[in-house]
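Below: the structure, in structure tokens.
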Amino acid sequence: MLDEAPYYLKDFIMYMETIKGKSEKTVDEYFFDLRTFLRYMKVLKGQAQIDDFDNISIRDIPIEFIREITLHDLYEYLSYTLRERLNNANSRARKVSSLKSFFKYLLNKAKLIAFNPAAELDAPKKPKTLPKYLSLDESKKLLESIDGTYKYRDYAIITIFLNCGLRLSEMAGINLKDIHEDKLTVFGKGAKERTVYLNAACVNAISDYVKNERPKDGIKSPHKDALFLSRLNQRISVKTIQHIVKKHLEAAGLDTAKYSVHKLRHTAATLMYRYGHVDVRVLQEILGHTDLSTTQIYTHLDDEQLRSASMANPLSEINKK
């Protein structure tokens, strides 16, 4: 993938991965965003044809070309992503973030440019949407529906999702040595380490899986410490976990177009906040959010809570005589 990139883009991608600790998925998104941007810049400057856009090479773009890019060019690019590529506000906001990081690196770290055209680049306003999550009854229904050949493993995975709010990659990465009684050490985004406390449901589910289903022998050497294993006795992959969750959501009669693995994370956070009265800063620590504003989406109130609050007003029963 990086073979088609000019040296300064390769260096940026390696910097984001090795120094900034970004995940493989994130650095891939950086690359794809910036490849699209550089291809469009060649079109904009008359060096390529847009009708062959996906085959435009960026490898030959010299740093001098980058130095000529202006803020106006960046907005031209964002307009193109909206009009021609039909990118929504979230996608365009991510592209703005990629551009800002890229030009900031070229100016401050690599010192290859003297001016940062993205410094004043504004991101499109993203529509605020409330997270989708399973209700308490739907969560119970999902757990009750779990059956099959790997029922102990699948039950443990979904129990941890619903109780602890782990990310998909964090679930796949759990090792046996990460668990100490009721404490689980989790390695999240950017290799950040945090402690998640396991409640009785999680402790029992893990114990049942290890005792009744996890293989004792035949585990290949790189996977011996992995908690959750596939049918091939290897560390379970994120794709397999996604398949497991989808299968059991369908078995429970829940809409798989509406719910997914990430929605289980939303569910755990919402249930903790609503029924456990967890402080939002504690919830931030549990979920491993860097920014408190990310956690605050779980402090939303549903219509029934809003109605109850209004009815509880001491003036609610006073009528004009």
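The values are calculated or read from the model by the stated rules, or taken from the named source; none is laboratory data. Model, not experiment: these values are computed from the prediction. Heads up, the Cβs are rebuilt from the backbone with ideal geometry, glycines too, and the neighbour counts pull from every protein chain shown.
Structure summary
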read-out: Unique match (being crowded, with 16+ Cβ neighbours inside 10 Å, in the same structural domain as Arg274 (by TED's automatic domain parsing), without any contact (Cβ under 8 Å) to a residue 60 or more places away in the chain and touching a helix residue (DSSP H, G or I) at 6+ places or on another chain (Cβ under 9 Å)) among Tyr155, Tyr150, Tyr197; value: Tyr155
read-out: Every residue from segment 70-99 that is surrounded by 13 or more Cβ atoms within 10 Å (Cβ to Cβ) and charged (D, E, K, R); value: Asp73, Glu76, Arg85, Arg92, Arg94, Lys95
read-out: All positions within segment 66-88 that are part of a helix (DSSP H, G or I) and touching a Leu at 6+ places or on another chain (Cβ under 9 Å); value: Ile66, Arg67, Leu71, Asp73, Leu74, Tyr75, Glu76, Tyr77, Leu78, Tyr80
read-out: Residue within segment 238-253 that is aliphatic (A, V, I, L, M), in a loop (DSSP other than H, G, I, E, B) and in contact with a strand residue (DSSP E or B) (Cβ under 8 Å, 6 or more places away or on another chain) present; value: no
read-out: Subset of segment 247-266 (residues that are farther than 24 Å from Thr149 by Cα and modelled with pLDDT of 85 or more); value: Lys263
read-out: Total residues in segment 89-111, condition among the charged types (D, E, K, R) and either out of contact with any Leu (no Cβ under 8 Å at 6 or more places or on another chain) or in a loop (DSSP other than H, G, I, E, B) (or both); value: 4
read-out: Residue list for segment 129-147, filter: part of a loop (DSSP other than H, G, I, E, B) and either without any contact (Cβ under 8 Å) to a residue 12 or more places away in the chain or not basic (Lys, Arg) (or both); value: Thr129, Leu130, Pro131, Tyr133, Leu134, Ser135, Ser145, Ile146, Asp147
